[in-house]
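Here the structure is laid out as structure tokens; the discussion comes afterwards.
The values are calculated or read from the model by the stated rules, or taken from the named source; none is laboratory data. As the structure is a computational prediction, the values presented were derived from the model and not from experiment. Counting neighbours? That spans all protein chains shown, and the Cβs are built from the backbone with ideal geometry, glycine included.
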Amino acid sequence: MKLTTVLKSAAAIAVIAGSASAATTLRIQTHYAADHPSGKLAAQFADDVETMSNGSIDIEMFYSSSVVATMETFDAAVNGILDCDMTGGGYQTGKNSAFQFVGDIMGGYDTPYQQLSWLYYGGGYDAAQELYNKEGMQLIGWWIYGQESMSSSRPLAGPDDLKNWKFRSPPGLETEIFSAMGASPIVMDFTEIFTALETGIIDGADASGLANNVGLGLYDIVKHATYPGFHSMPSDHLACNKMVWDGLSEGERRIIDTAMQKLSLHTALSNDKKNAEAAAKLQAEGVTLYDWSAEDRAAFRSRAQAAWDKFADTPEAKALVASHRAYLTDLGLIK
């Protein structure tokens, strides 16, 4: 073999080896299990990024909060234990109440598409980014599965049915809104819901979306639910350590952003389908579903806004509330 041919072959091998060694590994944790529908969507996101980047980005996905507890994921990314957090901003309200308004606006938008449009077309991305950047993180995007459903042992046809209704609630803003409407929220761990319903400690629960509630077996016990829901629509996020994010090339950042937007769309679409199938199944089994009227939703939204103002106790939170209020007005959801 000629020397020039050997040298060219060696150079080609060196280029290939250099390209392989230049791959960036992103360690990302999600609270979803690998076999959960959202976990499978997260896996597809990782595969999309790796494929579109032609191997320049490798994603190591950790499921079921296997590295640190769910609430600690954000800090783990800030401190370099992980690179990115795929849980949700709502877990970080202890840092700043503003995270409530990027995590679960509560009583705000009717659909995930409206909520996503605030992020991309209502000035939300820049407003939220300021909050994340102050913590050393970069918000990449949201994946929103849609409205959650309330499950109940008694009718929930409208606001009047909330009076003296004992239900499992997460802590924070939700307890303030429902207490103001006459309900009795009881903060308890997610894992305690089934037994509390079974023993009558609570009349109902705020757990998850309709299809997920079916999976939990809640409607084996209670026979009433709100659907499609009105009160809570959590935004799961992808947020990365800002230094890690800034260290990626523009092309790599664009690939991740594009894959995230695909994840956002398919999360909403797949849950629309699953919830519709669950609704048909439950109604056939005798479960009553309540779709609150526009007037009743407006009444809840009004109560929620009063709670927003009370809860928003930092400049960043007040700015986000003002931004949501302006965009909800543009959409005609508030006057």
So, restricting to helices (runs of 4 or more DSSP H) that lie completely within segment 199-309, which ones have at least 2 residues that are in the same structural domain as ASP110 (by TED's automatic domain parsing) and farther than 20 Å from TYR125 by Cβ? 250-284
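Would you mind finding the one in ILE177, ILE186, ILE193 that is buried (at least 16 other Cβ atoms within 10 Å of the Cβ), in contact with a Leu (Cβ under 9 Å, 6 or more places away or on another chain) and either outside any loop (DSSP other than H, G, I, E, B) or of a type in the set (Ser, Thr, Tyr) (or both)?
One residue alone meets the criteria, ILE193.
Results for (1) more than 24 Å from ARG297 (Cβ to Cβ); (2) buried (at least 19 other Cβ atoms within 10 Å of the Cβ), shown as yes or no for each residue.
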| site | (1), (2) |
| --- | --- |
| GLY103 | no, yes |
| GLN129 | yes, no |
| GLY141 | yes, yes |
| SER151 | no, yes |
I'd like the full set of residues that are among the hydrophobic types (A, V, I, L, M, F, W, C) and closer than 22 Å to LEU116 by Cα, limited to segment 278-306. ALA294, ALA298, PHE300, ALA304
Flag if LEU82 is within 22 Å of THR24 (Cα to Cα) and either crowded, with 20+ Cβ neighbours inside 10 Å or aromatic (Phe, Trp, Tyr) (or both): yes
Residue under question is PHE230, and the condition is that it be aromatic (Phe, Trp, Tyr) and under 19 Å from the mean Cα position of the chain (by Cα); does it hold? yes
Tell me, yes or no, whether segment 204-227 has at least one residue that is over 30 Å from LYS163 (Cβ atoms), in contact with a strand residue (DSSP E or B) (Cβ under 6 Å, 6 or more places away or on another chain) and not small (Gly, Ala, Ser). no
Please indicate, with yes or no, whether at least one residue in segment 121-133 is outside any helix (DSSP H, G or I), charged (D, E, K, R) and not assigned by TED's automatic domain parsing to the domain that holds PHE194. no
Residue hits (segment 303-321; loosely packed, with under 13 Cβ neighbours inside 10 Å and either of a type in the set (Phe, Trp, Tyr) or farther than 17 Å from GLU174 by Cβ (or both)) are PRO315
ASP161 vs (1) in contact with a helix residue (DSSP H, G or I) (Cβ under 8 Å, 6 or more places away or on another chain); (2) within 21 Å of ALA306 (Cβ to Cβ); (3) at pLDDT 95 or above: all pass except (1)
